Amino acid sequence: MKLRYFSHSAFQITTKDGIVILIDPFLDDNPNSPVKSSEVSADYIILTHAHGDHLGDAMKIARKHNSLFICVNELANYLIDKGFRAHNMHIGGGHNFDFGRVKFTIAHHGSKTPDGQYAGEPAGVLLYVDGKIIYHTGDTGLFYDMKLIGEMNAVDYMLLPIGDNFTMGIDDAVKAVELVNPKIAVPIHYNTFPPIKADPQEFKHKVEGKDHKCKVMEFGEEIDL
């Protein structure tokens, strides 16, 4: 399995069977993304919430590739009303797909589509794929129930925001890593806009000072999991 980071909160997962999953594909208007939406494809698109920097170019990509959306119920219904395929889920629920399992967790944030439609609750996502567990927290503040997520799941990769202002900042994110205890922490959601400027190397230094491992992924970098 391969994990590619496009910057902000956007990731691509390619399974060992060649299934392509996108998460929060904000690309075309993302100043840090090395690729545009026309350059990617997706069998599945997972959305943590509906803000424009997460819903991003998902509809462009899905329209071209007939991708299946996986997201909370209200956002799924919004997309179905626009003619897309979607699998409706909600926080606390899980479902098995042909690539593995998806479960949604809580996230403390907001969610509304760029055209002002209510889109349900924001979420984090647990992905169980090819024997690995990836926890994409979505946009969130720190919350103590992260400890339960870590106790119930041997998280391999935790993808979490460090940009502050709209989400956790560096120190709260370090505490989140302590609570979840993943094998590797990956900082996301930083340096896209001036209000979320943050130094991922500072995060890495602080995480490693707490005896946890951290991988700072370059924008566009792809790694083998």
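Observations, loosely collected:
- Residue in the stretch 167-181 that is in a strand (DSSP E or B), in contact (Cβ under 8 Å) with a residue 24 or more places away in the chain and under 15 Å from the mean Cα position of the chain (by Cα) present: no
- Count of residues meeting criterion [of a type outside the set (A, V, I, L, M), farther than 19 Å from Phe193 by Cβ and touching a Ser or Thr at 6+ places or on another chain (Cβ under 9 Å)] in the stretch 1-48: 5
- Residues that are of a type outside the set (A, V, I, L, M, F, W, C), under 25 Å from Arg101 (Cβ atoms) and not in a loop (DSSP other than H, G, I, E, B), drawn from the stretch 1-43: Lys2, Arg4, Tyr5, Gln12, Thr14
Each row is one residue, and each column tells you yes or no for (1) touching a strand residue (DSSP E or B) at 6+ places or on another chain (Cβ under 6 Å); (2) crowded, with 18+ Cβ neighbours inside 10 Å; (3) at pLDDT below 95.
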{"site": "Met146", "(1), (2), (3)": "no, yes, no"}
{"site": "Pro161", "(1), (2), (3)": "yes, yes, no"}
{"site": "Asn165", "(1), (2), (3)": "no, no, no"}
{"site": "Met168", "(1), (2), (3)": "yes, yes, no"}
{"site": "Asp171", "(1), (2), (3)": "no, no, no"}
{"site": "Ala185", "(1), (2), (3)": "yes, yes, no"}
{"site": "His189", "(1), (2), (3)": "yes, yes, no"}
{"site": "Gln201", "(1), (2), (3)": "no, no, no"}
{"site": "His205", "(1), (2), (3)": "no, no, no"}
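- Only one of the numbered conditions (1) more than 22 Å from Phe193 (Cβ to Cβ); (2) touching a residue at least 24 places away in the same chain (Cβ under 8 Å); (3) touching a strand residue (DSSP E or B) at 6+ places or on another chain (Cβ under 7 Å); (4) surrounded by 13 or more Cβ atoms within 10 Å (Cβ to Cβ) is violated by Ala76, and that is (2).
- Residues of the stretch 122-157 satisfying the condition of being under 21 Å from Phe26 (Cα atoms) and either touching a residue at least 60 places away in the same chain (Cβ under 8 Å) or among the polar types (S, T, N, Q) (or both): Pro122, Ala123, Gly124, Val125, Leu127, Ile134, His136, Thr137, Gly138, Asp139, Thr140, Tyr157
- Residue within the stretch 98-107 that is assigned to a strand (DSSP E or B) and among the aliphatic types (A, V, I, L, M) present: yes
- Qualifying residue in the stretch 43-52 (condition: over 20 Å from Ile223 (Cα atoms) and of a type in the set (A, V, I, L, M, F, W, C)): yes
- Subset of the stretch 130-153 [basic (Lys, Arg) and within 14 Å of Val174 (Cα to Cα)]: Lys147
- Of everything in the stretch 108-156 that is among the small types (Gly, Ala, Ser) and part of a strand (DSSP E or B), the residue that is farthest from the chain's Cα centre (by Cα) is Ala123.
- Candidates Asp164, Asp211 - the one that is touching a residue at least 24 places away in the same chain (Cβ under 8 Å) and either of a type in the set (Gly, Ala, Ser) or over 29 Å from Thr14 (Cα atoms) (or both): Asp164
- Of the listed requirements (1) closer than 24 Å to Met146 by Cα; (2) surrounded by fewer than 21 Cβ atoms within 10 Å (Cβ to Cβ), His54 misses just one: (2).
- Residues that are part of a strand (DSSP E or B) and over 12 Å from Pro122 (Cα atoms) within the stretch 53-88 comprise Leu68, Phe69, Ile70, Arg85, Ala86, His87, Asn88, listed in sequence order.
- Residue list for the stretch 117-154, filter: of a type in the set (Gly, Ala, Ser) and within 20 Å of Ala86 (Cα to Cα): Ala119, Gly120, Ala123, Gly124, Gly138
The values are calculated or read from the model by the stated rules, or taken from the named source; none is laboratory data. Bear in mind that the values here come from a model prediction, so they are computed numbers and not experimental data. Here Cβ is always computed from backbone atoms with ideal geometry, including for glycine, and neighbour counts include all displayed protein chains.
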